[in-house]
Amino acid sequence: MSAATRRRLWITGGSGFVGRRLVSLARQHYDARYTYFSGHPSQSDAGDRLDVRDREAVLALARGWSPDVIIHAAGSDTSADMDRVILQGTEHVCAAARACAARLIFLSTDVVFDGQHAPYREADPPRPLHAYGRAKAAAEEIVAALDDYVIVRTSLVYDLREVGHNFDWLLRALRQGEPVTLFTNQWRNPIWRETLCQALLELAWRAYVGVLHVAGIQPLTRAEFGLKMLDWWGITDRATLTLGAGDGHRWPADCRLDLSRATALLQTPLLGIDTVLRQAAAHTQRA
């Protein structure tokens, strides 16, 4: 990544699950700066607090620093103001990218699809079933009006050192004895946080424009994924856990992604979860 050394990189959502690791890795190669809003920054310099819904504040930061690349990872699937955070925020960050002639990498999701026609290729039209998917699909259209952009559609992000938002609710429910169902009919491509962050940083300097599917190469049901992670975290008390089918009308059943374009383009290997767990176990044994 020597060609990218010391270029200016701005990461939105830098205090989030993906953002924290992204900032740490980015600083090895870039003059990296990050912004955050509702989370708690973990970096020593604390970043810059920024509400991406505030157009003038976004533009002022961008013009004052003039980044070469922006990775837009801010957003929430639980916010009561989700549409404004995702749609207005993306519109404002795109305006900042235009003002600075910056390359924009936008983090999107596999749930822009309806789950009926997997595996999905980059050219397949989004048909989201729920509000989060609709907001992300609409934001993709905003990003696609730029000249230099990548829309990265990804899947369930996990890590082996930090539980993260995809699992903290599950562990909390099990500890409190609340009933939990892991769906056996919903297919995804879970991706290791390290893999996703490395791929995003690689795309910061690669000459690629358009949509790219970046996820783990190993597809799993939500149930299979959940059980593997519970095993990793050593959670054996599963008395309230059941396996069953999810509502295919509310949630897309099969969002498996065609990763052939990304595997051909990227140097970053899109590791499946079994490979990640096997490598982690081997490293622990050596240590």
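For the chain, what is the percent of antiparallel DSSP beta bridges, rounded to the nearest 5?
Details: 2 of 34 bridges.
The answer is about 5 percent antiparallel.
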Note to self: Taking 20 °C and 1.002 mPa s as the conditions, I'd like the Stokes-Einstein D for segment 81-157 in µm²/s, using the Kirkwood hydrodynamic radius from alpha carbon pairs.
What the structure shows: 166
Notebook entry, point to check: Ordering 228, 136 by how much accessible area each has at a 1.4 Å probe, largest first, what is the list?
Noted result: 228, 136
Check: Under 5 Å between amide H atoms, partner at least 5 residues away or on a different chain: which partners does residue 268 have, H built in plane at 1.01 Å?
Finding: none
Notebook entry, point to check: Leaving out ligands, DNA and RNA, what percent of the accessible area of the chain is carbon and sulfur, probe 1.4 Å?
Noted result: 49
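Counting each DSSP H run of 4 or more residues in the chain as -39500 (n - 2.57), what helix-only mean residue ellipticity at 222 nm follows after dividing by all residues, to the nearest 500 deg cm²/dmol? The partial results should precede the final answer.
Numbers: 9 runs with 97 residues, N = 287.
After summing the helix terms and dividing by residue count, I get -10000 deg cm²/dmol.
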Next item on the list: Find, to one decimal place in angstroms, the Kirkwood hydrodynamic radius of segment 42-185, where the mean of 1/r is taken over every pair of different Cα atoms and then inverted.
Entry: 17.1
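Please report the relative contact order for the chain, taking Cα pairs under 8 Å with a sequence separation of at least 6, and give it as a percent rounded to a whole number. Before the final figure, lay out the partial values.
Values: 554 pairs, mean separation 52.9, N = 287.
Relative contact order here is 18 percent.
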Next item on the list: Give me the distance in nm between label points sitting 7 Å out from Cα along the Cα-to-Cβ direction at residue 162 and residue 24, one decimal.
Entry: 0.7
Margin query: For 82, 229, give me the order by solvent-accessible area with a 1.4 Å probe, most accessible first, ignoring ligands, DNA and RNA.
Written below: 82, 229
Checklist line | Which of 23, 189, 130, positive extreme of dipole for the chain (C-beta unit charges) | finding: 23
Notebook entry, point to check: On average over all directions, what projected area in square nanometres does segment 111-215 have, based on the convex hull of its Cα atoms?
Noted result: 8.1
Checklist line | Solvent accessible area, Å² - residue 127, 1.4 Å probe, full protein context | finding: 130
Margin query: Suppose a student asked you for the relative contact order of segment 120-242, using Cα pairs under 8 Å spaced at least 6 residues apart; what percent would you report?
Written below: 34
Checklist line | Taking segment 172-287 and dividing mean pair separation by its residue count, relative contact order in percent (alpha carbons under 8 Å, at least six apart) | finding: 44
Check: Can you list the residues of segment 106-142 with backbone N under 18 Å from a point 7 Å past the Cα of residue 84, pointing along Cα to Cβ?
Finding: 132, 135-136, 139
Margin query: Could you check the spin-label model distance between residue 240 and residue 284? Points 7 Å from the Cα along Cα→Cβ, value in nm.
Written below: 2.6
Check: residue 38 label point, 7 Å along Cα→Cβ, cut-off 16 Å on backbone N: hits in segment 52-66?
Finding: 52-54
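So between residue 249 and residue 265, what do we pick up on full extension, going 0.36 nm a residue minus the alpha carbon distance? Intermediate values should be presented prior to the final figure.
Working: separation 16, 0.36 × 16 = 5.76 nm, distance 3.44 nm.
This chain segment gains 2.3 nm when fully extended.
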Next item on the list: Against the globular-protein guess of 2.2 N^0.38 Å, express the Cα radius of gyration of the chain as a ratio, rounded to two decimals.
Entry: 0.99
Next item on the list: Provide 191, 235 ordered by accessible surface of protein heavy atoms (probe 1.4 Å), highest first.
Entry: 235, 191
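Averaged per residue, what accessible surface does segment 9-162 expose to a 1.4 Å probe, in Å²? Kindly include the intermediate steps, with their values, before the conclusion.
Working: 6210 Å² over 154 residues.
With all protein chains present, segment 9-162 gives 40 Å² per residue.
The values are calculated or read from the model by the stated rules, or taken from the named source; none is laboratory data. Since this is a predicted model, take the numbers as computed values, not measurements. We place every Cβ from the backbone using ideal geometry, glycine too, and count neighbours over all the protein chains shown. Heavy atoms of the whole protein, side chains included, go into the accessibility calculation; ligands, DNA and RNA do not. Shrake-Rupley method; radii C 1.70, N 1.55, O 1.52, S 1.80 Å.
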